[in-house]
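All remarks here apply to the structure that follows.
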Amino acid sequence: MTRALFLDRDGVINIDKQYLYRIEDFEFVAGIFDICRLFLSHGFIIVVITNQSGIGRGYYTTLDFEVLNRWMIEQFAKNDIKISLTYFCPHTPQQNCVCRKPKTYMIDEAVKKFDIDVAGSVLIGDKDSDIICGKRAKIDKTIYINKDINKNSDINIEDLKELKQRHSHLWSG
């Protein structure tokens, strides 16, 4: 079975700018490439799971999202990082769909597609819905990246540099 690093997008991969869909507004979070390379070097695959309610709200289209996502994946590839797949939910919270985090649909689909061992996997998120999703999906370690503390998360960090310095057991264990 495969271990996966599940990443939220806005706030984990890139600076969260509320309904981001334009390449020129996209800024990678410091340290994201280093963290991804560490996990990849220890046999993890990387899967992005992201709520994109800006589509459902009419702020941008699915095509806008796909163009930005392709560009983002290309930037990872230029840094020797393969993103196995991006799953996204285009719905608003009010639509009560099956795929919006904290529901586990996106993780469940990745588990089936890649034969993922959730007990050996890691999720990094910056919102409570990310952490709850990971816990519901039985992800072994959930990491909350935020200045606040999340009592549901296994690990709370302020930035990816802290993750790299203090938690190497996550990718090497």
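The values are calculated or read from the model by the stated rules, or taken from the named source; none is laboratory data. A quick note: this is a predicted structure, and the numbers were derived from the prediction, not measured. Here Cβ is always computed from backbone atoms with ideal geometry, including for glycine, and neighbour counts include all displayed protein chains.
Only residues that are surrounded by fewer than 16 Cβ atoms within 10 Å (Cβ to Cβ), touching a residue at least 40 places away in the same chain (Cβ under 8 Å) and assigned to a loop (DSSP other than H, G, I, E, B): list them for segment 75-119, please.
Correct list: 79, 80, 82, 115, 117.
Please go through segment 134-156 and give me each residue that is among the hydrophobic types (A, V, I, L, M, F, W, C), crowded, with 16+ Cβ neighbours inside 10 Å and either touching a Cys at 6+ places or on another chain (Cβ under 7 Å) or at pLDDT below 95 (or both), ordered by number.
Selection gives 155 alone.
When segment 37-61 is examined, which residues are found to be assigned to a helix (DSSP H, G or I) and farther than 25 Å from residue 116 by Cβ?
Once the filter is applied, which keeps residues that are assigned to a helix (DSSP H, G or I) and farther than 25 Å from residue 116 by Cβ, segment 37-61 yields 53, 54, 55, 56.
Can residue 69 be described as in contact with an Asp or Glu (Cβ under 9 Å, 6 or more places away or on another chain) and either under 17 Å from residue 164 (Cα atoms) or at pLDDT 95 or above (or both)?
no
Considering (1) loosely packed, with under 14 Cβ neighbours inside 10 Å; (2) in contact (Cβ under 8 Å) with a residue 24 or more places away in the chain, say which one residue 24 fails and leave the rest.
(2)
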